[in-house]
Amino acid sequence: MAAIRPDGRSPIDIAITGANGAVGKALIERLGSNAAIGPVRLHALVRDLSRSANLRDLPAELMEVDYDDAQSLIHAVDGADCVAHLAGSLVPRAGDSLLGANLLTTKNVAEASKSCGVKSFVYLSFPGADARSENEYLRTKGQAEDVIAENFASGAIFRVPMILGPDTPAMNQIRKLFGSSVIPLVAGGAVRIQPIFLGDVISAIEWAILHPEAPLARVNLAGPETLYYRELLMRAGLRIGKRPRILPIPRGPARLASSAIGRFSPSSPMSRTVFDIIFYEHLCNDEEAGSGAPIARTGVDETLDLSLPHQE
């Protein structure tokens with residue numbers, strides 16, 4: 001691979017926002033231990049140092065930032081060769097909004113990065129992101145993509161669906177579901193998904209960092225298999241020795257209930273916006289799913305083997 005530093009000795013300086021999430025932590029672990037990359041200097045940007053104990057033993061400088069403060073961001077990204085912008089949310093923290101979490105945060109990070117001379121920008125988006133979408137999450141993700149495209153000529157925008165790995169939110173939710181003998185699912189889990197292994201997402205980000213000469217591209221980075229969510233649960237259950245009964249919940253009434261909840265609590269994890277992301281299909285075709293980043297994609301069974309303790 002072509003290194004970002006031509007002499008192969010000077011460290012690659014990488015700033016990572018949202019560093020205390022599952023993807024950020026895994027990226028720091030990979031970049032900090034991969035001798036093939038060469039020396040790196042990693043800056044782990046977080047909102048709150050007191051909630052970042054999971055990063056303290058990793059090879060990165062922890063930096064607390066205020067995503068609404070330009071000077072805070074400039075200080076954090078100054079000197080970086082690349083920014084991996086992983087901050088963002090489908091369910092914003094209390095007091096925030098989808099607009100703030102996805103668009104405004106991205107806009108502020110991008111502007112600070114550009115002012116500091118950062119050349120390469122990597123961003124995690126979502127399949128179906130579109131600045132004109134009626135769904136607020138897809139709209140703010142699409143608007144964020146456009147901001148990045150306006151400010152950077154190099155890097156990558158990876159549109160990533162459900163990420164499965166040992167400690168990802170999706171895998172933690174699956175573990176939580178198996179805490180009950182009956183799992184209520186909208187439409188009985190009859191929604192098709194293309195989950196991708198966390199390690200494959202990290203490999204794609206790593207590839208983008210190491211190829212700063214590549215023009216900025218929007219890449220659909222989905223897993224190699226399309227399956228129903230209920231099938232994913234059954235395969236996961238086999239690995240932990242459980243076979244719960246699925247209780248189908250009618251889609252229509254559930255969607256109406258999510259609309260009512262969203263009116264009173266827009267940032268609720270049960271809002272209409274969240275419902276339409278989770279319980280409707282956001283798929284890409286096989287050609288799109290594997291193009292744009294030359295990495296091997298891990299199958300669902302191997303992903304589950306790597307993510308869950310196996311029981312005979």
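Compute the acute angle (0 to 90°) between the alpha-carbon long axis of helix 22-33 and the principal axis of greatest extent of the alpha-carbon atoms of the chain; round to the nearest 10°.
40
What dipole magnitude, in Debye to the nearest 20, does region 198-294 give about its Cα centre under +1 on Lys/Arg Cβ and -1 on Asp/Glu Cβ?
Numbers: 11 positive and 10 negative charges, 195 e Å.
For region 198-294, the charge dipole is close to 940 debye.
Under the rule of -39500 (n - 2.57) per DSSP H run of 4 or more residues, summed and divided by the residues of the chain, what mean residue ellipticity at 222 nm is obtained, to the nearest 500 deg cm²/dmol? Present the calculation step by step, with values, prior to reporting the outcome.
Working: 11 runs with 114 residues, N = 312.
About -11000 deg cm²/dmol.
For the chain, what proportion of DSSP beta bridges, expressed in % and rounded to the nearest 5, is antiparallel?
On the way: 3 of 38 bridges.
Roughly 10 percent of the beta bridges in the chain run antiparallel, per DSSP.
Counting Lys +1, Arg +1, Asp -1, Glu -1, what net charge surrounds N220 among other residues with beta carbon under 9 Å of its beta carbon? Write out the running numbers ahead of the final one.
Details: positive: R159, R218; negative: E288.
Around N220, the surrounding residues sum to +1.
Kindly rank 143-152, 92-101 from highest to lowest mean number of other beta carbons found within 10 Å of each residue. Walk me through the numbers before you get to the answer.
Details: 143-152: 19.8, 92-101: 15.1.
Order by mean packing, descending: 143-152, 92-101.
Tilt of helix 198-210 relative to the longest C-alpha principal axis of the chain, in degrees (0 to 90, nearest 10)?
Taking Cα atoms only, the helix is inclined about 20 degrees.
Give the distance, in whole Å, between the Cα centre of region 60-94 and the Cα centre of region 114-149.
First find each Cα centre; the distance between them is then 15 Å.
Compute, for region 60-99, the length of the dipole vector about the Cα centre, with Cβ point charges of +1 (Lys, Arg) and -1 (Asp, Glu) only. Units Debye, rounded to 20. Mind showing how you got there, number by number?
On the way: 1 positive and 8 negative charges, 45 e Å.
Dipole magnitude for region 60-99 comes out near 220 debye.
Here are labelled values, [x] 6, 23, 25, 20, 14, 7, 3, 1, 0; [y] 5, 19, 24, 24, 19, 8, 1, 0; [z] 6, 26, 35, 24, 8, 1, 0, and one is the computed P(r) over Cα pairs in 10 Å bins from 0, in percent for what I pasted. Which one?
Matching the structure shown: [z].
Mind ranking 48-54, 12-18 by how tightly packed they are, going by the mean number of other C-beta atoms within 10 angstrom, highest first? Numbers along the way, then the final one.
Working: 48-54: 11.9, 12-18: 25.3.
Most protected by this proxy first, the peptides run 12-18, 48-54.
Full extension from R255 to E287: what is 0.36 nm times the residue separation minus their Cα-Cα distance, to one decimal in nm? Show your work: numbers first, answer last.
Details: separation 32, 0.36 × 32 = 11.52 nm, distance 3.18 nm.
Once the chain is fully extended between R255 and E287, it gains 8.3 nm.
Could you tell me the relative contact order of the chain? Use alpha-carbon pairs under 8 Å, at least six residues apart, and round to a whole percent.
Details: 613 pairs, mean separation 53.8, N = 312.
About 17 percent, as a whole number.
Of the heavy-atom accessible surface of the chain (probe 1.4 angstrom), what whole percent is carbon and sulfur?
Numbers: 7550 of 14480 Å².
Ligands and nucleic acids excluded, carbon and sulfur give 52 percent.
Given charges of +1 on the Cβ of Lys and Arg and -1 on the Cβ of Asp and Glu, with all other atoms neutral, how large is the dipole of region 128-181 about its Cα centre, in debye to the nearest 20? Please report the intermediate quantities before stating the final value.
Working: 6 positive and 7 negative charges, 62 e Å.
Dipole of region 128-181, to the nearest 20 debye: 300 debye.
The values are calculated or read from the model by the stated rules, or taken from the named source; none is laboratory data. Predicted, not measured: the structure shown is a model, and the values here were computed from it. We place every Cβ from the backbone using ideal geometry, glycine too, and count neighbours over all the protein chains shown. Just so you know, the surface numbers come from the protein's heavy atoms only, side chains and all, with ligands and any DNA or RNA stripped out. Shrake-Rupley method; radii C 1.70, N 1.55, O 1.52, S 1.80 Å.
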